[in-house]
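Below is one structure, written out as C-alpha cells; comments come after it.
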Amino acid sequence: MTGATLDDVARAAGVSRATASRVVTGHGPASPQTRARVAAAVAELGYVPDAAARALVTRTGTRLAIAVIGHTAAVLGDPYVGRVLTTAAHVAAAREVGVSLHWLPLNDPGSLARLAETRGLGGLVVVNPTRPALDTVPRSLRGRVAAIGVGTPDVPSFDVDNRTGTDGVVRHLVTTGRRHIAMVTGPSWLPCGDRAVEAYRRVMHSCGGEVRVVPGNFTAARGAEAAVEIMARWPDTDAVFALSDLTALGVLDGLHALGVQVPGDVAVAGFDDIAFAGLSRPALTTSTHPVEDIAEAAARAVLDRGRVQRATFYPSRLVVRESA
C-alpha cells in the first residue's frame with residue numbers, strides 16, 4: 001500500500017492514533033506488544049512518516065499557535081477566543097502537540113510573519129484574520145496554517161455561514177411584520193462580517209425597506225450605545241439585528257433604558273446563540289454559530305495536513321425566542 005497514513009497504521013494495529021504516533025516517533029510509553037503490532041502494521045503498509053508531520057507529534061517544543069488579531073490584547077479575553085482555544089487544545093492533545101495563544105496587533109500585519117518564523121512552530125490557526133496579515137504568511141508555512149474567517153488562495157478558511165444565517169434572521173423579522181429594521185455590524189476591519197451586511201442589505205432591498213446600518217464591535221457596551229443612536233436617527237425603527245449576541249444584549253439594555261418595550265415596540269435579534277441568549281429577559285432570538293466545529297476543523301487541517309477546500313462554511317440555524 002502506498003501513501004499510507006498514521007491513521008491507517010493505527011487501524012491496522014488496533015490502537016489509537018496517539019499510541020501509533022508514540023511508537024513511530026519513539027516518544028512516549030507503549031507496551032512491547034503494542035510496539036510489535038504497530039511495527040508490523042508499518043512494515044505491512046509501507047508507512048513512511050512525513051518529516052514535517054513527524055516534527056508535529058514529537059515533544060521537541062513544537063506547538064500549534066492560536067493567533068488572534070485585534071486592536072489590543074484585550075481581544076484574548078473574548079469568550080469566543082476561549083472556545084476556539086479550548087477546542088484546539090483538545091485536538092492538539094490527541095496528537096501530543098502543545099498549544100500557545102498570541103495577540104497580533106491589528107495595525108501591524110507583519111507580526112503574523114514574525115510569529116510564523118519563531119522556533120518550534122508546528123502550525124498556526126489565525127482568528128479574526130485580515131487579508132493584509134494573511135498575505136505575509138511565508139511560503140515555508142503553507143499547508144500548516146488555517147484561518148477562522150476569511151482566507152487567501154494559500155490559506156484555507158473555516159467560518160460560519162453568516163450570510164445565510166443573517167438572511168434567515170432578517171427574513172424572520174420581515175415575516176413577523178417588521179419593516180424598519182436596523183443592523184449593528186461587527187468591526188469594520190473584520191472582512192468576514194461583510195457577508196452578513198450584504199445579506200441584510202439584500203433582504204431589505206427585496207422587501208422595500210430602508211437600509212439602516214450602524215457600526216458595532218461585538219461588545220454589549222457598544223450595543224447599548226447603538227440602541228440610543230438608532231432610536232435617535234430613526235425613531236420609527238421596529239427591529240434591530242445585531243451581528244453578535246453580546247451586542248444584541250447591549251441593545252436590549254439600551255432600549256430598556258429608553259423605555260422601549262421589546263418586542264412590543266422594537267424586536268431584537270442577535271447572532272451566535274451564546275449560553276446567555278436564552279437567559280436574557282426577554283430571551284434572545286438569534287442564529288447559531290458552531291464555534292467548536294469550526295475550531296476543530298481548522299486545527300485538524302493544520303495538524304493533519306490533509307487536503308481541504310479553500311473555504312469551508314458551517315451552517316447557521318435560526319433560533320426563535322421571545323425578543324423577536
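Structure data summary
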| quantity | calculated |
| --- | --- |
| Single residue of the stretch 93-132 satisfying the filter (closer than 15 Å to PRO187 by Cβ and among the aliphatic types (A, V, I, L, M)) that is surrounded by the most Cβ atoms within 10 Å (Cβ to Cβ) | VAL127 |
| Count of the stretch 306-324 residues which are of a type outside the set (Ser, Thr, Tyr), crowded, with 16+ Cβ neighbours inside 10 Å and closer than 22 Å to ALA67 by Cβ | 2 |
| Selection status of VAL160, modelled with pLDDT under 95, in contact with a helix residue (DSSP H, G or I) (Cβ under 9 Å, 6 or more places away or on another chain) and either buried (at least 21 other Cβ atoms within 10 Å of the Cβ) or under 21 Å from LEU101 (Cβ atoms) (or both) | no |
| Options GLY209, GLY254, GLY278: the member that is touching a strand residue (DSSP E or B) at 6+ places or on another chain (Cβ under 7 Å) and either among the acidic types (Asp, Glu) or touching a residue at least 24 places away in the same chain (Cβ under 8 Å) (or both) | GLY209 |
| Residues within the stretch 28-51 that are modelled with pLDDT under 80 and surrounded by fewer than 14 Cβ atoms within 10 Å (Cβ to Cβ), tallied | 5 |
| Candidate set from the stretch 260-283 (those that are among the small types (Gly, Ala, Ser) and farther than 20 Å from ASP159 by Cα); member that is surrounded by the fewest Cβ atoms within 10 Å (Cβ to Cβ) | GLY264 |
| Qualifying residue in the stretch 261-282 (condition: farther than 23 Å from ARG201 by Cβ and of a type in the set (Phe, Trp, Tyr)) | yes |
| Options GLY168, GLY151: the member that is on the phi < 0 side of the Ramachandran plot and assigned by TED's automatic domain parsing to the domain that holds ALA239 | GLY168 |
| Hey, THR87 surrounded by 13 or more Cβ atoms within 10 Å (Cβ to Cβ), within 30 Å of ALA4 (Cβ to Cβ), at pLDDT 85 or above and among the β-branched types (Val, Ile, Thr) or not | yes |
| Residue that is surrounded by the most Cβ atoms within 10 Å (Cβ to Cβ), among those in the stretch 175-229 that are β-branched (Val, Ile, Thr) and more than 21 Å from the chain's Cα centre (by Cα) | ILE181 |
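Condition check ((1) in the same structural domain as PRO156 (by TED's automatic domain parsing); (2) of a type in the set (Ser, Thr, Tyr); (3) at pLDDT 95 or above; (4) part of a strand (DSSP E or B)) across all residues:
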| position | (1), (2), (3), (4) |
| --- | --- |
| PHE276 | no, no, no, no |
| SER280 | no, yes, no, no |
| ALA283 | no, no, yes, no |
| ALA295 | yes, no, yes, no |
| ALA298 | yes, no, yes, no |
| VAL302 | yes, no, no, no |
| ARG307 | yes, no, no, no |
| GLU322 | no, no, yes, no |
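The values are calculated or read from the model by the stated rules, or taken from the named source; none is laboratory data. Since the model is a prediction, treat every value here as computed from it, not as a measurement. Glycine also receives a Cβ, built like all others from the backbone with ideal geometry; neighbour counts cover every protein chain displayed.
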